[in-house]
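Data first, discussion second: the structure below is written as structure tokens.
Taken together, the values in this text are just the output of simple stated rules run on the coordinates, not laboratory data. Computed from a prediction, not measured in an experiment: that's the story for all the values here. Cβ atoms come from the backbone with ideal geometry, glycine included; neighbour counts cover every protein chain shown.
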Amino acid sequence: KRVGYAIVGIGKLSAEELIPAARTSEHAYVAALVTSEEDKGEAFARAFDLTEDDVYTYDEFERLAERDDVEAVYIVLPNSMHREYVERAAKMGKQVLCEKPLGMNAEDAQAMVDACKAADVLLMTAYRCQYTPEHWTARDAVQSGKLGQIRTVDSIHSHVEDDPEAWRLKIDLAGGGPLPDIGLYSLNIIRFVMGEEPQWVFADLHQPEGDRRFEEVEERVSWMMGFSGGVVANCLTSYASQDTSTLRIIGEEGSVLMDPAFDYQGLKLTIEDDEGKFEPSFPAYDQFTNEFDHFAQCIRQGRTPWTPGEEGVADHVVMDAIYESARTGKRITLKPVKEKDAFR
Ligand code: NAD
């Protein structure tokens, strides 16, 4: 039996990616929608074979408790609302998939993990890039040792945010600027590919004066992350640079280049090792369908998702340290954290 999801928030991501992606899911389907815009909700319901009874307002959220067919709730709201809705969903005993960044900071994210544990429900952070064959192949290349000792890593994720009114530019709604929104992909995927946690960070942040967009949040963050063996990752994220999404890992005997590295589609992976240069290709897939399916299977099998809430917390710990470093001008040492087991 497929797992029924309630999608909470029908913004751009839900409308353009998630709701359509659920259609091609083998293990999941959309059973209900939660939105403040009733017309929009009903239009989506009609288009996706639901009825108006399947559309709820935020105030009616708790009525999902009566819906046994809604086993999972997918939170797709502005970042500051994630915690409240994750906690409310957990209280109803629903399994929870939550968009990234998990919370507003490490403390907020940890409270979400604790709430789901206390309610005995699963919590997954929606890190779509950890469900693609390209990123797994990059990780395997690094971890198999075929690139030799890894020496350096770099990643850029940027785009231009034009609208000064966007919630993404409001500190109370977003928790930060490009770092928690798109820089997070560089951070999360470097941790994933390296298979280890950074030991320290050092950062610089730019918040230009006189630009209405950046009154509350940074325009750009550059940061270094130190890993074991003297490996350093150099990362940059910006809301005022042309669309860029790259990842490069250079070892003594080979390298991995992804460009684009974090887009929804058309990821391009190049691996160079002592046998030559390869551009592996993979059967068509959808990152969001993979996420829906993975979490649905975890629910059925009672197992922890590959990117649980703890994975969201781990990134927040590093992001908090990045902001602290930018604020103080100091290199911040991170506490060691335990590694997790691989799921395949
Ligand atoms: P959006 O602005 O398009 O949609 C936000 C939704 O929240 C809308 O339905 C809006 O009505 C609702 N909302 C409720 N209260 C609001 C408020 N006070 N201000 C603004 N909107 C409010 O945003 P989005 O791009 O769909 O992002 C939603 C979440 O998804 C964010 O956490 C974001 O980080 C995440 N996201 C993830 C990816 C990914 O690739 N995984 C991509 C885009 C967004």
Name the most mobile residue of 78, 180, 280, meaning the one with the largest mean-square fluctuation, in a Gaussian network model of the chain with Cα contacts below 10 Å.
280
With Cα coordinates, the longest principal axis of the chain makes an angle with the long axis of helix 38-47, in degrees rounded to 10, of 90 degrees
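Using the structure shown, select from 12/170; 12/100; 94/170; 40/94; 40/100; 100/335 the pairs with a Cα to Cα distance greater than 26 angstrom.
Among 12/170; 12/100; 94/170; 40/94; 40/100; 100/335, the Cα-Cα distance tops 26 Å for 94/170.
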Among 115, 81, 131, whose Cα sits farthest toward the positive end of the charge dipole of segment 32-137 (+1 at Cβ of Lys/Arg, -1 at Cβ of Asp/Glu, about the Cα centre)?
131
Nearest-0.05 FRET efficiency for residue 57 and residue 263 at R0 = 25 Å, using Cβ-Cβ distance, is 0.15
Label 7 Å along Cα→Cβ of residue 324; segment 144-159 residues with amide nitrogen under 11 Å?
none
Check each of the trypsin sites (Lys or Arg not before Pro) in segment 15-90 and keep only those in coil by DSSP with at most 11 other C-beta atoms within 10 angstrom; list them in order.
none
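Just to confirm a number: summing +1 for Lys and Arg and -1 for Asp and Glu over residues other than residue 115 whose beta-carbon lies under 10 angstrom from that of residue 115, what do you get? Intermediate values should be presented prior to the final figure.
Working: positive: 83, 88, 91, 117; negative: 87, 114.
Computed value for this residue: +2.
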Per the rule of 0.36 nm per residue minus the C-alpha distance, extending residue 301 to residue 151 adds in nm 50.1 nm
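Please find the FRET efficiency linking residue 279 to residue 241, where r is the Cβ-Cβ separation and R0 is fixed at 30 Å, and quote it to the nearest 0.05. The partial results should precede the final answer.
Details: r = 26 Å, r/R0 = 0.86.
It comes out at approximately 0.70.
Given +1 on the Cβ of Lys and Arg, -1 on the Cβ of Asp and Glu, and no further charges, what dipole in debye does segment 63-125 carry about its Cα centre, rounded to the nearest 20?
So the dipole magnitude of segment 63-125 works out to roughly 80 debye.
Mind giving me the FRET efficiency for residue 38 and residue 171? R0 is 25 Å, r the Cβ-Cβ distance, nearest 0.05 is fine. All intermediate terms of the calculation are to be shown ahead of the outcome.
Working: r = 30 Å, r/R0 = 1.20.
Approximately 0.25, to the nearest 0.05.
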Furthest towards positive pole of dipole, 141, 3, 21, structure part the chain, Cβ charges:
141
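Based on Cβ point charges of +1 for Lys and Arg and -1 for Asp and Glu, what charge dipole magnitude is obtained for segment 25-149 about its Cα centre, in debye rounded to the nearest 20? Before the final figure, lay out each step's value.
Numbers: 13 positive and 25 negative charges, 175 e Å.
So the magnitude is around 840 debye.
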Enter the angle in degrees (range 0 to 90, nearest 10) between the Cα long axis of helix 287-301 and the first principal axis of the Cα atoms of the chain, meaning the one along which they spread out most.
70 degrees
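Residue 162 to residue 47: extension gain in nm, 0.36 nm per residue of separation minus the Cα-Cα distance?
Numbers: separation 115, 0.36 × 115 = 41.40 nm, distance 3.07 nm.
Roughly 38.3 nm would be gained on extension.
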Could you give the nm distance between label points at residue 91 and residue 111, where each point is 7 Å from its Cα heading toward the beta carbon?
1.3 nm
From DSSP H assignment alone, runs of 4+ in the chain each adding -39500 (n - 2.57), the sum over residues rounded to the nearest 500 puts [θ] at 222 nm at -8500 deg cm²/dmol
Please report, in debye to the nearest 20, how large the charge dipole of the chain is about its Cα centre when each Lys and Arg carries +1 at its beta carbon and each Asp and Glu carries -1 there.
980 debye
Straight distance only, please: which lysines reach the Cα of residue 146 with their own Cα at less than 22 Å, same-chain residues fewer than 8 apart left out?
268, 277
Once both label points are put 7 Å beyond Cα along the C-beta direction, the residue 335-residue 120 separation in nm becomes 2.9 nm
